1. Cα-based Rg of region A:4-57 per 2.2 N^0.38 Å, rounded to two decimals?
2. Before rounding to the nearest 500, sum -39500 (n - 2.57) across all DSSP H runs of length at least 4 in chain B and divide by the residue total; then give [θ] at 222 nm in deg cm²/dmol.
3. Would you mind calculating the gained length between residue B:57 and residue B:643 on full extension (0.36 nm times residue separation, minus the Cα-Cα distance), in nm to one decimal?
4. Could you identify which residue out of A:177, A:201, A:228 has the top mean-square fluctuation in a GNM of chain A using Cα springs shorter than 10 Å?
5. Suppose we look only past 20 Å in the calculated P(r) of region B:298-405. What percent of the Cα-Cα pairs does that tail hold?
6. Mind putting together the pair-distance distribution for region B:565-721? All Cα pairs, 5 Å bins, whole percent per bin, short to long.
7. How long is the gain from residue B:388 to residue B:423 if the chain were fully straight, where each residue apart is worth 0.36 nm and the alpha carbon distance is subtracted?
8. Kirkwood hydrodynamic radius, region B:598-656, all distinct C-alpha pairs: what's the number in Å?
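Please treat every number below as a calculation from the coordinates, not as lab data. Keep in mind that what you see is a predicted model, and the values were worked out from it rather than measured. With ideal geometry, Cβ positions are generated from the backbone for all residues, glycine too; neighbour counts draw on all protein chains shown.
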């Protein structure tokens, strides 16, 4: 177990301070790990593991909080926007209702109050529930350092298992979504009805499709999307193409074979509903 | 008996919801130090080196105790010499052997919990690891007969073999035969409150322990024997317990270790297991494989049953799940063979878990009967009625009471069973497949010796004491009701105290025996006090009026109090009658055919368990049992790494139990039953019967929904696609 005395935790009040701390730490080759709600971090600490001894606690930076609606279909999630913020946001309900579905299924209420979308993205778990929704909605990750800002499509954010695009001196400051047209769908398959780590997650916005728990990272089903975009509607072919990107493994939570079958069945169900009018709330 | 039966609120409820009820770890003890266990990371081998320097130098650390510096204990019992069901072979830092994964190998004591936890992490251990064998279904180790039964003070073990008639001949001649194998993985108890112990020495020879235990007297005996103290020098107190379910029915290594640590540092020591530490060192349900062979006529009448199987046990201790016990008792069947075997593996010793044997056995038997019903195209309920045992099929004795027929009828009616379409996959709800399944529930009506003392005071109140435990079942409340009833007092005028070895001796709260055993003692002690009072006479005048308040009678005799003790034993009717509680479980599931997700959408259980002492607490027991049965059917599975022998899912994130959303509205129905033979108060116990039959009912419903028979628990999604 970890003694609190062994940990360095910086608590900046402003974004500028935070970025400066990140830059300084990075220059000294002693990077700080940004933390928001701490819902992933505390699990690992409690297991006696220590991903890092140095943390940048963002919780006090008010500016990073909340969800904002922009234009007709835009949503901007601050780096501290929580699942509860998503559940309570009228704009999210209206524009990206499947994110509300996903947020409601992340842990219990306490976790929803602390866990953030940005943290979910940066933590890089392939079993994340919110990330497939954002990826299917073509979300953009806004990274900022003391030198400036850059925007990276979420679909290009992961380089491998828990490897992300973020440099040590950068911070996710926001996640932007311009919600594309089309039917939305969210499926989380688990052994129990709630508070379960997913066996398979599928999120779809129009022709865009993302899967969780079936590859080292959350993935877009690019081959299938191209096929559907070109008018393809053959179920068997769609299932085959989905499995080009969804390459599940056997693990303690499920089997690869089961996950392949579920991916295939979810794809069939999605394809069946694709050309029906989008659901309204 | 008008105080008995009504749904009286828990008398300890206000204390529990306001934090006033002090659980073991919450008892304030001056100068208490905090201990944290270090557990082995290998599953078999030797400790070749331990670097404790860093831990010893960490802030606040008072001691790091390992096999190198632990106090030397008197010889401990072995599996051959152990005295009782709760008398486990413990790992008390006496040598360098590692016998299972997550075995206690060191204990770190510090001035605060956090510092102890930190220092425990700093202990570096080197091992010489040996190959392991942990999986019952993959092992090549041969099954063997369990060790000869011991005759302890806690429970008698049951015979591991039984024979009646000629099974081979009857099976050969049977018109229809079912032969299948059913498996159950290791399941791990996870009461809300983990194990917790505070050890306080009073000089070198007297010890007080606050422990979360199902048996203060078993605790006392085991502590005394382990540490080489006279039993009367050890006092165990356990006022509130946040669930036990069997894991707290035995004394595990951490309890004597806490006492050893307290002696080492010369201060009281508190030791609380973390949630992950509940996996490994404190028991689990064994892995079990059962084969059931049934022969029957075309009319469904049973000709023969063979029920045999093997369950996992550790290499160094004994435990056998008597999973054939329900088969010997449930149905009329002239030919029966049962055999229980064990296989020694490199695992910690398994132990009782809610309805040991009865729940695992009914999963196999009640699944097999469902398979027979399918084969014969007979309704599963009708099949059971055709084989109804009017007397105990094993002994031929009459039942002290049996209302199973009424249970079937009541539950079936409430469930709407007659509307079942027999074909699998024939009932749907949108895209979901709907399935209905049923099974029989049963649990023996156990009674063990128990004592109680009742004291009546001149102020018109009464105090009743017995050493027993309230493991969350409602003992405080129902004993208050039993006493109030016998004394003719309002419930508010009676105080019931428990959980202390200084009080009259009672059994471990296991085997659903507390209400019946302690209840009988309390009832008789209260009647005894009344009688004593009556014998004082009415000052030489007229007959003493039973209606005259105690206070007045005591005042008239110039007495402050009157006291009576009763030592309840099993009634001699035990030799003439067979005694069991029975019930019927009906379950509806909905299965997503595309995803394999199973959700229980409805469940009805009807139970006949003698007199119900409190309709509310009894319902909670039965409901909890039924919910756990759903959990057993669909979720619970302790996963071992087959190569390393490590438990891979030692927390509640990966060891799944149902959440609220998984559990539908459940109907718990009581079938009234008056049993004059079972014990003084006609109680059979409801702590365990609720879980029995449930896993089979779920599996049978899943078969009806999908046409797929799952014989290996848990019924996970991947098994249905």
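1. Values: Rg = 11.5 Å, N = 54, 2.2 N^0.38 = 10.0 Å.
Here the Cα radius of gyration is 1.14 times the empirical estimate.
2. Calculated from helices alone, the mean residue ellipticity at 222 nm is -7500 deg cm²/dmol.
3. On the way: separation 586, 0.36 × 586 = 210.96 nm, distance 3.55 nm.
My answer for the length gained is 207.4 nm.
4. So, out of A:177, A:201, A:228, the one fluctuating most is A:228.
5. Numbers: 2746 of 5778 pairs.
For region B:298-405, the fraction of Cα-Cα distances above 20 Å is 48 percent.
6. 2, 8, 15, 16, 15, 13, 10, 8, 7, 4, 1, 0, 0
7. On the way: separation 35, 0.36 × 35 = 12.60 nm, distance 2.48 nm.
My answer for the length gained is 10.1 nm.
8. Details: mean 1/r = 0.0701 Å⁻¹.
Evaluated over region B:598-656, this radius sits at 14.3 Å.
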